[in-house]
Amino acid sequence: MNKKIICLGIESTAHTLGIGIIDSKGKVYTNSKRQYVQKDTVSGIKPYDAAQFHYQNSIDLLKEALEDAKLTMKDIHVISFSKSPGLGPCLVVGATFARTLAIKYNKPIVGVNHCVAHLEIGKTLMKAKDPLFIYTSGANTQIIARDDNRYKILGETLDIGLGNLFDSFARDLGYGFPGGPILDQIYFKSNNYLDILPYSVKGMDIVYSGLLTSSQKLIGKYKNEDLVYSFMHTAYAMLLEVCERAISYTNKKEIMVIGGVAASKALKEMLTAFSKERKVKLFIPPVSACLDNGLMIADLGLKEYLSNGGQQLKDTTIDPTERTDQVIISW
Ligand code: ATP
Ligand code: FE2
């Protein structure tokens, strides 16, 4: 294809309101975002407050994104938005904004799956072909691979995600929030592995709550550095055991980490050793691409559009619960 197609993508599944712009040659024009911050940090995210934030910020963010990209709406060929999965009220704001722009400027529109977008942006930016994905954020920890025309979840945590696990233990140790980055620094202050923590892998799945409760009970009995090092090392070793099995099973030659925990230097160190040993290529995309953002929605919207064309407006509904493996990948 010679003509350059430019796609503007809108992300609004949860905390992040994002607008990204990318073209079919792979050029990134902007990845602008605004973040809803919950004032009370005890309860979970309040969907209607977050939706209100997205509603109030969407027009200003669009202006900001177009200015940053040095483009106008006339230059945009396709509009995409995250239609699934996510918080209903937040999804509605993004979908309505995208529909309004599509009607006003007479552009094709595409609704896409947020989780698949996380995977695809990593591939686009890192020029990876067909990696085994480790998707690890606050609540999610999943091992994912493409099988024919779908992404399949081969293994996952059965209770808490790695990010939340780290945040909980850091809070118990009296460190700030988010605790993941703090523990990740403390990790390198010790190499005294305390071989007393439970390790729980069940087939292709992982259970982290036992590791958390046992580690909590050991606070004050060992040096914090040794405890943190052993705790993180055990958590990552469980993840890598599942990856090892997934690589043998799928025969993938590449491995890619996405989600906020992809920023972890400790994980990078363990994965670098793993990938050398297993002779697989390791990709860790920049953090800005790993966290929720509009660019990944633009990227997936463009891929969908180039392969299937735009959607009918009546089909651009939201689906708060659509799973990764329900999406057909046709490129
Ligand atoms: P979810 O999307 O699963 O609901 P989220 O949006 O909060 O959760 P992300 O923003 O992808 O998730 O990731 C945030 C998590 O990543 C936090 O739990 C944080 O502690 C963890 N994290 C960030 N940096 C590091 C690091 N360097 N080492 C370990 N964990 C980290
Ligand atoms: Fe996400």
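The values are calculated or read from the model by the stated rules, or taken from the named source; none is laboratory data. The shown structure was predicted, so the numbers you read here are calculated from the model rather than taken from an experiment. No Cβ is skipped: glycine too gets one built from the backbone with ideal geometry, and neighbour counts run over all protein chains shown. What goes into the accessible areas is simple: the full protein's heavy atoms, side chains included, and nothing from ligands, DNA or RNA. Shrake-Rupley method; radii C 1.70, N 1.55, O 1.52, S 1.80 Å.
Step by step: find N for the chain, compute 2.2 N^0.38 Å, then divide the Cα radius of gyration by it. What's the final number?
1.03
If eta is 1.567 mPa s and T is 4 °C, what Stokes-Einstein diffusion coefficient results for segment 92-196, Kirkwood Rh from Cα pairs, in µm²/s?
Calculated translational D: 75 µm²/s.
For the peptides 228-235, 251-258, 152-159, what is the packing order when you average, over each peptide's residues, the other Cβ atoms within 10 Å and list the highest mean first?
228-235, 251-258, 152-159
Grab the eigenvalues of the alpha-carbon gyration tensor for segment 1-102, scale each by 5, take roots, and send me the semi-axes largest first in whole angstrom.
27, 13, 11
How do the peptides 75-84, 282-291, 119-128 rank, highest first, by the average count of neighbouring beta carbon atoms within 10 Å per residue?
Those peptides, ordered most packed to least, come out 75-84, 119-128, 282-291.
Probe 1.4 Å, all protein chains in place: accessible area of K303 in Å², nearest 10?
Answer for K303: close to 40 Å² accessible.
Can you list the residues, at least 5 places off or on another chain, whose amide H is less than 5 Å from the amide H of T30, using H built in the peptide plane?
I21
Dipole of segment 128-288 (Lys/Arg Cβ +1, Asp/Glu Cβ -1, origin at the Cα centre): which of I144, S275, V261 lies farthest to the positive side?
S275
Taking the alpha-carbon distance from K123 and a cut-off under 17 Å, which lysines remain once sequence neighbours fewer than 8 residues away in the same chain are dropped?
Partners found: K25, K27, K152, K252, K253, K281, K303.
Rounded to the nearest 5, what % of the DSSP beta bridges within the chain are antiparallel ones?
The antiparallel fraction comes to roughly 60 percent.
With θ set to phi - 60°, apply the Karplus curve 6.51 cos²θ - 1.76 cosθ + 1.60 along segment 46-52 and write out the HN-Hα couplings as whole Hz, x wherever there is a Gly or Pro.
Residue by residue, segment 46-52 yields 8, x, 6, 5, 5, 4, 4 Hz.
Take the Cα atoms of segment 128-288, find their three principal axes, and give me the spread along each one in whole Å, biggest first.
The Cα atoms of segment 128-288 stretch 50, 29, 27 Å along the principal axes, largest first.
Check cross-link reach from K221 to the lysines: straight Cα distance under 20 Å, and skip same-chain residues fewer than eight apart.
Correct list for K221: K189.
What's the angle, to the nearest 10 degrees (0 to 90), between helix 114-126's Cα axis and the longest principal axis of the chain?
90 degrees
Quick check: the angle from helix 88-105's long axis to the longest principal axis of the chain, C-alpha only, nearest 10 degrees?
It is inclined by approximately 30 degrees.
By how many nm would the segment from T72 to K127 lengthen if fully extended, with 0.36 nm per residue of separation less the alpha-carbon distance?
My answer for the length gained is 17.0 nm.
How much mean residue ellipticity at 222 nm does the chain get from its helices, if each DSSP H run of length 4 or more adds -39500 (n - 2.57) and you divide by all residues, to the nearest 500 deg cm²/dmol?
After summing the helix terms and dividing by residue count, I get -14000 deg cm²/dmol.
With only alpha-carbon pairs counted, each pair once and no self-pairs, how large is the Kirkwood hydrodynamic radius of segment 249-290 in angstroms?
After inverting the mean inverse Cα-Cα distance, the result is 10.7 Å.
Using Cα pairs under 8 angstrom and six or more residues apart, how large is the relative contact order of the chain, in percent?
It rounds to 26 percent for the chain.
Using the heavy atoms of the protein chains alone and a 1.4 angstrom probe, what is the accessible area of the chain per residue in square angstrom?
Heavy-atom accessible area per residue stands at 46 Å².
Quick check: with the 1.4 Å probe, what order do Y187, Y249 take by accessible area, largest first?
Largest accessible area first, the list is Y249, Y187.
Using θ = phi - 60° and the Karplus form 6.51 cos²θ - 1.76 cosθ + 1.60, what ³J(HN,Hα) does each residue of segment 197-206 get, whole Hz, x for Gly and Pro?
Along segment 197-206, the couplings run 9, x, 10, 9, 10, 10, x, 9, 10, 10 Hz.
Please turn the phi angles of segment 157-162 into ³J(HN,Hα) values with the Karplus equation 6.51 cos²θ - 1.76 cosθ + 1.60 (θ = phi - 60°), one per residue in order, whole Hz, x for glycine and proline.
Those phi angles translate into 6, 8, 10, 9, x, 4 Hz.
Given a 1.4 angstrom probe, I'd like the percentage of the accessible area of segment 128-288 that is carbon and sulfur, rounded to a whole number.
The nonpolar share, carbon plus sulfur, comes to 51 percent.
Please state the charge dipole magnitude for the chain, taken about the Cα centre, from unit charges on C-beta atoms (+1 on K and R, -1 on D and E), reported in debye and rounded to the nearest 20.
Magnitude of the dipole: close to 860 debye.
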